[in-house]
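Q: After the structure tokens below, expect a handful of questions from me.
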Amino acid sequence: MNTNKTYANHAHKYAPHNPYRPAKVDPQDLPAVIRACLLGIAGVMVIVIGVLLSMNAIANGSNFVLFLGILAGLIGLISIILNCYLYKKEMV
């Protein structure tokens with residue numbers, strides 16, 4: 001038995017992984033990836049709007065705008081958390 005040939009057949013399992021090579025996305029999974037990215041970006045934008053509203057409310061002293069800012073921040077956080085679960089569900 002030629003051990004070199006046996007090793008060559010199984011060498012790819014033990015070869016070092018190249019971290020600089022980008023991961024390939026299956027074309028069927030591309031809509032899920034795009035949807036996850038867009039929902040994540042939208043969630044972050046809502047959080048930023050909430051932070052800006054809250055900071056403006058602190059300077060002006062308006063309780064209603066402060067409440068809107070906190071509400072917008074919570075909606076943004078909830079959308080990002082749901083985005084994680086939806087993305088995992090679609091990729092399985």
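Bear in mind these aren't lab numbers, they're just calculated from the coordinates by the rules spelled out. Quick caveat: nothing in here was measured; it's all calculated off a predicted structure. Virtual Cβ from ideal backbone geometry, glycine too; neighbours counted across all protein chains shown.
For every residue, the table says whether it meets (1) in a helix (DSSP H, G or I); (2) over 29 Å from residue 33 (Cβ atoms); (3) β-branched (Val, Ile, Thr); (4) out of contact with any Phe, Trp or Tyr (no Cβ under 7 Å at 6 or more places or on another chain).
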site	(1), (2), (3), (4)
51	yes, no, yes, yes
65	yes, yes, yes, yes
70	yes, yes, yes, yes
73	yes, no, no, yes
83	yes, no, no, yes
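Q: Restricting to region 50-92, name every residue that is loosely packed, with under 12 Cβ neighbours inside 10 Å, of a type in the set (Phe, Trp, Tyr) and farther than 30 Å from residue 28 by Cβ.
A: Selection gives 64 alone.
Q: Please list, ordered by first then second residue, the pairs with beta carbon atoms under 7 Å, 6 or more apart or interchain, first in region 30-41 and among the hydrophobic types (A, V, I, L, M, F, W, C), second surrounded by 14 or more Cβ atoms within 10 Å (Cβ to Cβ).
A: Cβ pairs passing all conditions: 32/87; 36/83; 36/87; 39/79; 39/83.
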